[in-house]
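Written out below as structure tokens is the structure these notes cover.
The values are calculated or read from the model by the stated rules, or taken from the named source; none is laboratory data. Only a predicted model underlies this, so the values are computations on that prediction, with no experimental measurement involved. Cβ placement follows ideal geometry from the backbone for every residue including glycine, while neighbour counts extend to all protein chains displayed. Surface areas here come from the heavy atoms of the whole protein model, side chains and all, with no ligands, DNA or RNA. Shrake-Rupley method; radii C 1.70, N 1.55, O 1.52, S 1.80 Å.
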Amino acid sequence: RSDSLFGQHNTGFGGKRKGSRATKGDDYQTETTISLDEAFAGCTRQVNLENQTLNLKLKPGIADGQILKMKEKGGPSRSGGPAGDLFITVYVQKHPRYERKGNDLYFDAPLDAFTAIIGGKLPVQTIDKTLNINIPAGTDSDKTFRLKEMGMPKYDDPTQRGDSYVRVYITTPKNLTPEQKESIARIVQAK
């Protein structure tokens with residue numbers, strides 16, 4: 001958006017100046033949209049503006065709605081001053097699986113009833129790898145487990161990461177054999 005003063009000359013109070021001061025060109029604004037995976041890893045986007053193509057390098061961990069500034073990539077000055085700046089708003093699309101809050105990611109994972117009862121390992125897919133998490137015996141549905149430093153990279157220091165939080169929901173087995181059903185029935189009747 002251009003400032004209404006750009007391109008005008010300041011004449012002072014009541015008299016003309018001996019030379020006009022060079023004014024900065026107009027600032028431009030644009031936007032781009034990336035996926036959460038691209039925000040995680042970083043990416044490059046091309047921005048087409050006023051017959052020029054600019055390569056915009058986005059660092060890992062960029063936030064939804066973050067505004068980046070490209071100095072002197074805006075409109076040219078009409079009086080020999082520096083070009084204006086370009087401001088790019090970056091939008092990160094919502095992910096079907098992960099919800100982002102700051103640098104932390106939240107997601108759900110199914111947990112079979114047997115593992116919930118007796119405990120064991122549950123493989124879960126984080127944004128960049130599969131992990132096996134320990135499930136204690138007697139785990140209830142909606143229990144949340146913290147996966148330290150398995151979230152988004154921090155924008156100013158990508159070596160640091162937020163956390164992931166996985167909430168388990170218990171599923172019941174669907175394809176039991178008659179013998180398995182009989183075993184479960186005996187356990188239920190015994191309690």
Partner lysines for residue 59 [C-alpha distance under 26 Å; skip if fewer than 8 residues away on the same chain]: 69, 71, 73, 94, 101, 129, 148, 154
Where labels lie 7 Å past Cα in the beta-carbon direction, separation of residue 181 and residue 128 in nm: 4.7 nm
The chain - share of DSSP beta bridges that are antiparallel (%, nearest 5): 65 percent
Candidate aspartates and glutamates for bridging to residue 121, where Cα separation is under 12 Å - those fewer than 8 sequence places away on the same chain excluded: 112
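Kindly give the semi-axes, whole Å and largest first, of the ellipsoid equivalent to region 107-176, taking each as the square root of 5 times a Cα gyration tensor eigenvalue.
Working: eigenvalues 155, 23, 18 Å².
The equivalent ellipsoid of region 107-176 has semi-axes of 28, 11, 9 Å.
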Label point 7 Å beyond Cα of residue 93 along Cβ direction - residues of region 20-42 with amide nitrogen under 17 Å: 31-42
Rg in Å to one decimal, and Dmax rounded to a whole Å, for region 12-163 via C-alpha atoms: 24.2, 89
Whole-angstrom gap from region 123-160 to region 44-69, using each part's C-alpha centre: 30 Å
Fraction of accessible area attributable to carbon and sulfur, region 23-163 (%, probe 1.4 Å): 46 percent
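Rounded to the nearest whole Å², what accessible area per residue is found for the chain with the 1.4 Å probe?
For the chain, the solvent-accessible area averages 66 Å² per residue.
So, with +1 on the Cβ of K and R and -1 on the Cβ of D and E, and no other charges, what is the size of the charge dipole of region 71-135 about its Cα centre, to the nearest 20 debye? It would help to have the intermediate numbers written out before the result.
Numbers: 9 positive and 7 negative charges, 50 e Å.
The dipole of region 71-135 has a size of about 240 debye.
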